[in-house]
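Engineer: To start, I am sharing the structure in question, which I have written as structure tokens.
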Amino acid sequence: MIGKIVADSSSTVSQQTISATSDNLTIQKVELTKIYTQAIAEFLKAAYKKDKSTFDTLYFGKHVYGQPDDFPDIELPETIEKTQIRLVSPEVGQKKQAERKSLVYVNMMGWVDKQKAEFVLVVFTNGGEHQYDYFINFITKTSTNKFELDKIEFENYLHLNGQKPKRIVIYKGSK
């Protein structure tokens, strides 16, 4: 009888642990989705502010190669800042770029922890030509425990003539 009670008790504990772990993963996915969505929204606003760029659809490479910068297992909203968002494998992205030269394809790498989130968005178009990079950083605001935009930087890879691109600060702090 005691053995049965211990078994039932441990089963309950392990089920609670599995449930708690599952809940934590769900919360983590929700938070990751929020910060990735926020970073994409900031990218779209910065691109418009910089040179009035607008996009009807952006294709994001869902690269999963076992690296720390892999795209997380999240689902993004279909629309962010009035722009259609599509997650595709890198292979599908290459195929689509070959078919449509005007298609905009973005490799998005992110590193997120409790204090900060950093993103690099590498933008390709013209059949796979590297156009520019955006570097978007967030810090956690301690009073609200939410991510707040800290800095956006830009590097243009067009018309370099062998020179290294200059990184331009587009946004820093609240300016």
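Engineer: What number goes with the only condition from (1) modelled with pLDDT of 90 or more; (2) of a type in the set (Asp, Glu); (3) open to solvent by less than 80 Å² (accessible area, probe 1.4 Å); (4) not in a strand (DSSP E or B) that Glu91 does not pass?
Structural biologist: Unmet condition: (3).
Engineer: Can I ask one more? Checking Phe135 against (1) open to solvent by less than 50 Å² (accessible area, probe 1.4 Å); (2) over 20 Å from Thr33 (Cα atoms), which single condition isn't satisfied?
Structural biologist: Exception for Phe135: condition (2).
Engineer: To continue, here is another question. Does Lys151 fit the bill of being surrounded by 15 or more Cβ atoms within 10 Å (Cβ to Cβ) and among the basic types (Lys, Arg)? If you could, list the steps in order and put the result at the bottom.
Structural biologist: Numbers: surrounded by 15 or more Cβ atoms within 10 Å (Cβ to Cβ): yes; among the basic types (Lys, Arg): yes.
So Lys151 fits the description; yes.
Engineer: Taking interchain pairs and intrachain pairs at least six residues apart, which have beta carbon atoms under 7 angstrom, with the first residue in the range 154-175 and farther than 20 Å from Asp51 by Cβ and the second assigned to a strand (DSSP E or B) and open to solvent by 50 Å² or more (accessible area, probe 1.4 Å)?
Structural biologist: none
Engineer: Looking at this structure, is Leu76 among the hydrophobic types (A, V, I, L, M, F, W, C) and part of a strand (DSSP E or B)?
Structural biologist: It is false that Leu76 is among the hydrophobic types (A, V, I, L, M, F, W, C) and part of a strand (DSSP E or B).
Engineer: Looking at the range 106-125, which of its residues are out of contact with any Ser or Thr (no Cβ under 8 Å at 6 or more places or on another chain), of a type in the set (D, E, K, R) and either part of a strand (DSSP E or B) or open to solvent by less than 10 Å² (accessible area, probe 1.4 Å) (or both)?
Structural biologist: Glu118 - this is the single residue of the range 106-125 that is out of contact with any Ser or Thr (no Cβ under 8 Å at 6 or more places or on another chain), of a type in the set (D, E, K, R) and either part of a strand (DSSP E or B) or open to solvent by less than 10 Å² (accessible area, probe 1.4 Å) (or both).
Engineer: Can you find even one residue in the range 30-52 that is of a type in the set (Asp, Glu) and either assigned to a strand (DSSP E or B) or more than 26 Å from Leu158 (Cα to Cα) (or both)? Walk me through it before giving the result.
Structural biologist: Let us first name the residues in the range 30-52 that are of a type in the set (Asp, Glu), namely 31, 42, 51.
Pick out the ones that are also either assigned to a strand (DSSP E or B) or more than 26 Å from Leu158 (Cα to Cα) (or both) and you get 31.
So far as the range 30-52 goes, yes, one or more of its residues are of a type in the set (Asp, Glu) and either assigned to a strand (DSSP E or B) or more than 26 Å from Leu158 (Cα to Cα) (or both).
Engineer: Kindly check whether there is at least one residue in the range 167-174 that is open to solvent by 40 Å² or more (accessible area, probe 1.4 Å), farther than 21 Å from Leu32 by Cα and not in a strand (DSSP E or B).
Structural biologist: There is at least one residue in the range 167-174 that is open to solvent by 40 Å² or more (accessible area, probe 1.4 Å), farther than 21 Å from Leu32 by Cα and not in a strand (DSSP E or B).
The values are calculated or read from the model by the stated rules, or taken from the named source; none is laboratory data. What you are looking at is a predicted structure, and each value in this text was computed from that prediction instead of being measured. Please note: Cβ atoms are built from the backbone with ideal geometry, for glycine as well, and neighbour counts cover all protein chains shown. Each accessible area value is taken on the protein alone, full model and side chains, heavy atoms only, with ligands, DNA and RNA left out. Shrake-Rupley method; radii C 1.70, N 1.55, O 1.52, S 1.80 Å.
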